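Asks: One structure follows; several queries about it will come next.
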Amino acid sequence: MRWLAKQYQNHIWSRVDDFGYWTGRASLGNSLLLQNGRRLAGIRQTTDTSSYADYFTYHIANSCGVWLTGEQTFFMEFAVDNSSTFAMNLYNPASNISHELYLYANPTTKKVNSYTALANVSSYGVFETPYRSANDQQIYIAWMTVNTQIAEGTQRQTYIYPQYGQTTSDAPWAGIHVGHVQVRDGGLDFTTDPIYGLGPWVVTSGAAALVGSLEAVMLPTPGATLKGQRHESKHESQSGKQYRYTWGHRDSATIPLAFVNCRDATLINSFWKAEEKLVYFDDENTIVVSGTITNRTLPLSVHQKPLLDRWKGSIDLEGY
Amino acid sequence: MTYAVTSWFIAQAQTQHPPIKRVFTIGGSDYSRYVKRWPSVSVKWDDLRSISATISLENDEQTFNFFRTDKVNMRKATALKLGFTHPTSGDELINVHLGTVDKATYNGGDCTISMTDKFRLFAQRVVGKSDAPAVFSIASQLPSDIAWTLVTCYGGMDATQSSANTDLDWQTFQSWAATFSNDSVYVQARFEGQKVAECLRKISRYTRSAITQQNDKLAFYRFTLASTAVTALSNDQLLGLSVSVDDTDMTNRQWVYGDYRAESGYWAINVFDQSTASINSFAVRESVEKDESIWYVNSANALNLAQRVISTAGLPYDRVNIQVPLMPLHHVIGETIAIDEPQTGIAQSWRIMKHKLDMESGRMDLEVDASQLVGGFYLDVSTLDGPDLLL
């Protein structure tokens, strides 16, 4: 299960660089669903075995890759058992250059590899984090960070898409993720996040009550607690009949969080600081709690060791 | 005049878990979500004074600082409403209190607002002066005529003589005035600087009438027949009940003085009525109605008052205090509560004489008694051709 915190109200944070995000469970034969989320692209197995150009055409047609524009830092993340491998292609149509990135999840052979060198692309790190899946299998989150500075060609674009034959395991967040937010001048006022300085965001103060929504996807950490409190008066008559006047309800939830990436940690912390009104609901969009984050201190403030860009903490969400 | 509510509203008030709703507005804007503690509002049948309500509000977001920054905001209309939410037609609420803000106190993140109704003016305006008294000396003057002058001329309320009057319940006033007019009850009065509220209280007491606020209007009653608006309460509804029989409530010989001559301080009329049976049992308990502010001008009217007192207070009467959930929410002063309580053996219908509504807990405290009830009636049923006889 995945939990989302959706922001409402007339004070809307939105990302400057609004990619078409992909999310959805990446497994063999699945189609990918386009939603707002933090993921750039999910993964699925491909069948095309022809040239790089054919790969490109195929993935465009099947919408399972994503364009990166200008300089990007992103990371690939997936969950594997000890035998899986994850590979992605980087392709720049202007220069017709393709670059293959491999991520082996087997802890004993973990590495990042590339078939051919590609200028201005650097990748580093293969990290792993044990994780127990929903079906109670011990798996690993393996991830690496790739930094692209591809600027050649007129389009200044790079396309990243999954490579043929590589599969992933049962992990809802597997895919290509943005690690940091890129800012492009869209004529808007920028506000840099004051807590971590991790990414500039833009504030648009619209007049409409619901301009849009911004979601923070939180990993399925066990232990979320929902609480509800009725505000009511009870009276007991002389014969024992009870009269109950329910004046209102107040819902709350305590949600422990782990492995929250920088973007979402920043977002959640900014929600907390601005006392934004949030809706907390599950994947089925069933609203569970409407509230604000009422932690006395910053909700996500502790590094998720040994990861340097993951955070852990807990949020207390209470009705307003 | 009872609240104009639907039968659905009354049915909801009887249920154990109704879709209840309470609302607090200032200038028409809803501030219900800021209320930390809802007030109690009480009213009594013979003690006219402005009804106040004090409400505790959350001010962490400085929502209510507008009273400080612009004091004129204190004159905005406030409203406390209570009722039920209909599943399709929306809220049906009654006005528990309407008024304006007379005091706002800020303490940390809290704001406490005290509100009074518009009849506060009655406590701020005087009628006559000691060296220039307001004299009502016309010989054929009804108590209602004097009350009208006090309310409109001295109290500054609406003088519209129709149901469009915004400050006075015209229907009850008409009925009240007709009671005096039919019996040719004439009074004279002389006020030397009392507040309007005090003058009206004197009329209320001297005529054994209720002058009270209902739904932001002044209502007038002289209780005669039992009210047909009845809510029956038994152990299933009563949260608590206490009954007292107080010997000091009793009067078995009532003196009424009248036709006062202010120049000489002389009372030309002096009548009394008594209950011989009561005197034989309890000995003489005398009371004197002798008021230099208002008096009857003929002995028949004075005697009528004496008889009225003796008919209700000739014996100590039951004074019942009940605590109850919101079943009688739609009732006002003077309406009837039928009580069936085996422990005290009470199975009677009496008028509501004091009414207190706690909006915080949804509880009402009522004082009901027989002090002003005349001619309680019972409906009986007979089966055609049956052996029973109607009395």
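Asks: Based on the alpha carbon coordinates of segment B:308-369, what radius of gyration and maximum Cα-Cα distance (Dmax) apply, in Å?
Replies: Over segment B:308-369's Cα set, Rg and Dmax evaluate to 12.7, 41 Å.
Asks: Still on this structure, please answer the following. In square nanometres, what is the average projected area of the Cα convex hull of segment B:9-121?
Replies: About 8.6 nm², averaged over all directions.
Asks: Using only protein heavy atoms and a 1.4 Å probe, report how much of B:GLU367 is accessible, in Å² to the nearest 10.
Replies: For B:GLU367, the solvent-accessible surface is approximately 30 Å².
Asks: Also, quick follow-up: Distance from a point 7 Å along Cα→Cβ of B:ALA300 to each backbone N in segment B:121-160: keep the residues under 19 Å and list them by number.
Replies: What the label zone holds, given the 19 Å backbone N cut-off, is B:138-145.
Asks: Per-residue mean of other chain beta-carbon atoms within 10 angstrom of the beta-carbon, peptide B:324-332?
Replies: The mean count of partner-chain Cβ atoms within 10 Å per residue comes to 2.
Asks: Any idea how far apart B:THR344 and A:LYS241 come out in nm if each label point goes 7 Å out from Cα toward Cβ?
Replies: So the label points at B:THR344 and A:LYS241 sit 1.9 nm apart.
Asks: At 1.567 mPa s and 4 °C, plugging the Kirkwood radius over alpha-carbon pairs of segment B:64-222 into Stokes-Einstein gives what diffusion coefficient in µm²/s?
Replies: Using the Kirkwood radius from Cα pairs, D works out to 72 µm²/s.
Asks: OK, next. For a quick check: with amide H placed at 1.01 Å from N, whose amide H comes under 5 Å from B:VAL96's, ignoring anything fewer than 5 positions away on the same chain?
Replies: B:LEU80, B:LYS81, B:LEU82
Asks: What FRET efficiency comes out for the pair B:ASN182/A:ALA274, r = Cβ-Cβ distance, R0 = 60 Å, nearest 0.05?
Replies: Step by step, r from the Cβ atoms, then E = 0.30.
Asks: Using a 1.4 angstrom probe and counting only protein chains, how large is the accessible area of A:TRP272 in Å², to 10?
Replies: A:TRP272 has an accessible surface of roughly 60 Å² with all protein chains in place.
Asks: Excluding ligands, DNA and RNA, what is the solvent-accessible area per residue of chain B at a probe of 1.4 Å, expressed in Å²?
Replies: Counting only protein heavy atoms, the per-residue value for chain B is 46 Å².
Asks: Here is a further query. Would you mind getting me the FRET efficiency between B:SER361 and B:THR276? Use the beta-carbon distance for r and R0 = 51 Å, nearest 0.05.
Replies: Once the sixth-power term is evaluated, E becomes 0.60.
Asks: In whole Hz and in residue order, list the ³J(HN,Hα) couplings for segment B:58-65 that follow from phi through the Karplus curve 6.51 cos²θ - 1.76 cosθ + 1.60, θ = phi - 60°; x for Gly and Pro.
Replies: Listing the rounded values in order: 7, 10, 4, 8, 6, 4, 9, 5 Hz.
Asks: In Å, what is the Rg of the alpha-carbon atoms in chain B, and how long is Dmax?
Replies: Computed over the Cα atoms of chain B, radius of gyration and Dmax are 23.2, 78 Å.
Asks: Grab the DSSP H runs of chain B that are 4 residues or longer, score each as -39,500 (n - 2.57), total them, divide by all residues and round the 222 nm result to the nearest 500 deg cm²/dmol.
Replies: -5000 deg cm²/dmol
Asks: Could you work out the local net charge near B:GLU341, counting Lys and Arg as +1, Asp and Glu as -1, over the other residues with Cβ closer than 13 Å to its Cβ?
Replies: -3
Asks: Follow-up question, since we're still on this one. Rounded to the nearest 100 Å², what is the sum over both chains of accessible area buried where B meets A, with a probe of 1.4 Å?
Replies: 1700
Asks: B:GLU92 to B:ASP131: FRET efficiency via 1/(1 + (r/R0)^6), r the Cβ-Cβ distance, R0 45 Å, to the nearest 0.05?
Replies: 0.25
Asks: Mind checking which lysines have their Cα closer than 29 Å to the Cα of B:LYS129? Skip sequence neighbours fewer than 8 apart in that chain.
Replies: B:LYS44, B:LYS118, B:LYS195, B:LYS202, B:LYS217, B:LYS290
Asks: For A:242-253, what's the mean count of beta carbons from other chains sitting within 10 Å of each residue's beta carbon?
Replies: Per residue, the average neighbour count from other chains is 5.
Asks: Once you charge only the Cβ atoms, +1 for Lys and Arg and -1 for Asp and Glu, what is the size of the charge dipole of segment B:1-159 about its Cα centre, to the nearest 20 debye?
Replies: Its charge dipole is roughly 220 debye.
The values are calculated or read from the model by the stated rules, or taken from the named source; none is laboratory data. What you see is a predicted model, and the numbers here were worked out from it, not measured in a lab. With ideal geometry, Cβ positions are generated from the backbone for all residues, glycine too; neighbour counts draw on all protein chains shown. Accessible surface is based on the protein model in full, side chains and every heavy atom, while ligands, DNA and RNA are left aside. Shrake-Rupley method; radii C 1.70, N 1.55, O 1.52, S 1.80 Å.
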